[in-house]
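So the structure is just underneath, and the comments pick up after that.
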Amino acid sequence: MAIAADSVFEESDFEATGDPIHRTRKTAMWIWLGSEAFFFGAMISTFLLYRTTTNDGPGAEIFNIPFTSASSFILLTSSLTMVLADNAFQRKDQRQGRIWLIGTILLGLTFLAGQIFEFTEFVHEGLTLSSSPFGSSFYMLTGFHGAHVAVGVLMLSMLVAFSLRGRLSSDHGMNVELTALYWHFVDIVWIVIFTVVYLLQI
Amino acid sequence: MATTTHAHPTAKFYWLIAAFLAVVTAVEIGISYIEVLGPAQAPLLITFGIVKFITVAAVFMHLRYDLRDYRTLFLFGLLGALVVFAVVLAVFQAF
C-alpha cells in the first residue's frame, strides 16, 4: 500500500527538541518509563514462576479469553484516542483535543470496569489473592497494571479540567505529550500481559 | 531561543496503525484457539506481541521520530527488565 509522505507526516510546531526544559522533562519521563519496565518485568517473571502453583485451586483455565480480548481492544483503542488528542493539542485545536481526551478517559474507565468484573468472577470461582501463589502473582500483576490505568485516568481528567479552565495553552502542550507517553506505556505493558498471562496459558 | 521542529505522523496515519494493531490482535486471539499449531503456537503469539509492542512504541510513543536518546533510555529499561526476568527464572530454576 503506497502512502504519500505528506499524508503521513506533518510538522509539529511546539515540539521544540532544542528547548532544554522540554528535553529534560521528556528525558526524565523516559528514564521513569524505563524503571517501570524493570518493575513490570519483575512482576511478569514472578507470575511465570508461579503460573502452575495453584494449590489444587483454579488456574489459568478460568480465564475468559473473549472477554479479556474485548478489554484489550478497548485499551488499544484508547491508545489511538490518546495519540489523536496529542495530535490535536499540537495543532492547537483545544476543543478536539478535549474530545479525544474524554474519549480516552471513557475507554480507560471501561477497561477498569471490565477488570473489576473479571476479578469479581474469579473470586466467585475461588481464585483469591491468598488462595495460591498463582492467584497472588496474577492479582499483583494485573492489579498493579489496573492501578496504573486508574492513575492515567486521573491524569487525563486533570488535563481536561486544565483545558476547560484555559490553563492548557500551547505552551503547556508538553503536559499532554508526557501524559500520552505514560498512557501508551500502560498500553504496551498490557500487550505483554495479555500475550504472556492470558493467551500463552490457555 | 531558536527551536527546532520535526515531523510527526498525521491523524490518518494513526488510524491506519490502529487498524493494523486491531488486525494483529484478532489474529493473535485466533491463533490462541488453533490447537493444530502445537509447538508453533507460543512463538507465533510472542512474535505478534512483539510486533504490537514495537508498533505502539515506535509510532504512538513517537520513538521512531524523536531523539535517539529517548530510544536508548527505553531500550536500557527493557534490557533491564529482560535481565530481571532471566535472573528470577534462573534463581528459581524455572528453565
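The values are calculated or read from the model by the stated rules, or taken from the named source; none is laboratory data. Predicted model only: the values in this text are computed from it and were never measured. Quick reminder, even Gly has a Cβ in these numbers, built from the backbone with ideal geometry, and neighbours come from all protein chains shown.
Can you tell me which of B:Gly30, B:Gly49 is assigned to a helix (DSSP H, G or I), facing chain A (nearest Cβ under 7 Å) and of a type in the set (Gly, Ala, Ser)?
Of the residues listed, the single one that is assigned to a helix (DSSP H, G or I), facing chain A (nearest Cβ under 7 Å) and of a type in the set (Gly, Ala, Ser) is B:Gly49.
Here's the yes/no breakdown for (1) modelled with pLDDT under 85; (2) under 17 Å from the mean Cα position of the chain (by Cα):
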| residue | (1), (2) |
| --- | --- |
| A:Val8 | yes, no |
| A:Thr27 | no, no |
| A:Glu36 | no, yes |
| A:Gly59 | no, no |
| A:Phe63 | no, no |
| A:Ile74 | no, yes |
| A:Ser79 | no, yes |
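Give me the residue from segment A:135-194 that is within 28 Å of B:Ala42 (Cα to Cα) and polar (S, T, N, Q) and, out of that set, nearest to the other protein chains (Cβ to nearest Cβ).
Step one: list which residues in segment A:135-194 are within 28 Å of B:Ala42 (Cα to Cα), which gives A:135-146, A:148-149, A:183-194.
Within this subset, residues satisfying the condition of being polar (S, T, N, Q) are A:136-137, A:142.
Values: A:Ser136: 15, A:Ser137: 11, A:Thr142: 16 Å.
Result: A:Ser137.
What pairs come up if the first residue lies in segment B:13-27 and is more than 8 Å from chain A (Cβ to nearest Cβ), the second is among the aliphatic types (A, V, I, L, M) and surrounded by fewer than 19 Cβ atoms within 10 Å (Cβ to Cβ), and their beta carbons are under 8 Å apart, counting only those six or more places apart or on different chains?
Sorted first by the residue in segment B:13-27, then by its partner, the pairs are B:Val24/B:Val51.
What's the number of the condition B:Arg71 fails, among (1) at the interface with chain A (Cβ under 7 Å from one of its Cβ atoms); (2) at pLDDT 85 or above; (3) over 19 Å from A:Phe73 (Cβ atoms)?
(1)
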